[in-house]
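Nothing in this text is a laboratory measurement; each read-out follows from the coordinates by a stated rule. Just so we're clear, the structure is a prediction, and the values are computed from it rather than from any experiment. Reconstructed Cβ throughout: ideal geometry from the backbone, glycine too, with neighbour counts over all protein chains shown.
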Amino acid sequence: MKAATITQPLALAAPAVDDQILRPLNPRILTVDIVLPVLSEAHVLERSVTKLYKYLASNLPYRWCIVIADNGSTDGTAAIARRLAERYPEIRLLQLPEKGRGRALKQAWMSSKADILAYMDIDLSTNLDSFEPMIAPLITGDAGLATGSWLMKQSRTTRGFKREFISRCYNRIIRTTMKTKFVDAQCGFKALRRDVAQKLLPYIKDTAWFFDTELLVKAEYNGYKIHEGPVEWIEDTDSRVDVVKTATEDIKGLSRVRQEYGQSSFGEMAAFGGLLLFTAIFYL
């Protein structure tokens with residue numbers, strides 16, 4: 001299933017283009033990089049990376065590499081990642097001194113030579129069987145970006161009511177304020193083609209959690225088709241995301257992106273900001 005796209009120009013963010021026509025990639029020489037952005041994840045890193053490594057070795061019919069993107073960890077994450085990279089040639093470590101998931105993804109993707117660039121959350125909450133179907137439209141040229149979706153009717157998710165509520169509110173805010181068609185911006189299970197990444201990433205400014213939303217919005221505005229696929233997902237109850245801070249930064253991000261297109265209205269953004277703040281308080 002694909003999200004429809006619009007061809008609204010990126011007024012200040014990127015040159016306006018028509019719907020992009022992408023050439024199919026050759027499966028026989030295809031390469032895939034899967035980035036795992038991590039921040040002080042020593043307690044789960046080896047278990048998750050080993051699980052992902054074994055799955056890819058048994059199921060993915062392309063050349064692949066796992067990139068552990070350590071952005072400012074202060075525990076033993078880097079040491080474990082270095083040990084894994086020494087053990088397996090298909091694993092490498094990218095270390096950044098500064099925090100920021102968006103920063104880690106942008107640097108890992110911009111420096112990659114792989115045809116398909118993907119990322120997953122380190123807890124591997126999304127069923128890995130969804131990965132190959134997600135990247136298939138990128139290979140055929142039917143989409144420039146692909147994302148898993150928690151919110152599609154076919155998705156099978158296990159998570160609490162509060163997280164479900166705030167997620168639906170946030171995604172509704174995106175569609176209302178940005179006039180976009182994709183259903184879910186938040187699922188930590190995404191991929192894009194390298195040729196698309198090279199054109200879009202220089203214009204993605206956020207370095208933290210809003211990175212995903214900004215990438216999808218600007219991709220759709222710039223004429224790239226987005227493939228959304230349902231996933232099976234189980235909530236990580238050990239999540240350490242600061243909901244209020246993240247909600248505040250997301251509202252700021254939406255306001256900034258709208259200003260880039262000359263569309264931002266203080267009253268409108270204040271109203272939607274109040275709505276998201278309410279959902280954050282409700283969540284807490």
Modelled label-to-label distance, Ser58 and Thr176, 7 Å Cα→beta-carbon offset: nm?
-> 4.5
Calculated Rg and Dmax of region 38-116 using C-alpha coordinates, Å | 12.4, 36
Estimated FRET transfer efficiency (Arg47, Arg256; beta-carbon r; R0 45 Å; 0.05) | 0.75
Label-point separation (nm) for Phe165 and Gln198, each offset 7 Å from Cα along Cα-to-Cβ?
-> 4.7
Compare the peptides 220-229, 43-52 by average per-residue count of other Cβ atoms within 10 angstrom and give them in order, highest first.
-> 220-229, 43-52
Between Trp64 and residues 5 or more places away or on another chain, the pairs with built amide H atoms under 5 Å apart involve Val32
Links that overshoot a 26 Å alpha carbon limit, given the list Lys106/Lys181; Lys218/Lys245; Lys54/Lys218; Lys113/Lys245; Lys218/Lys252 | Lys54/Lys218; Lys113/Lys245
Using label points projected 7 Å from each Cα along Cα→Cβ, tell me how many nm separate Lys245 and Arg28, to one decimal.
-> 5.1
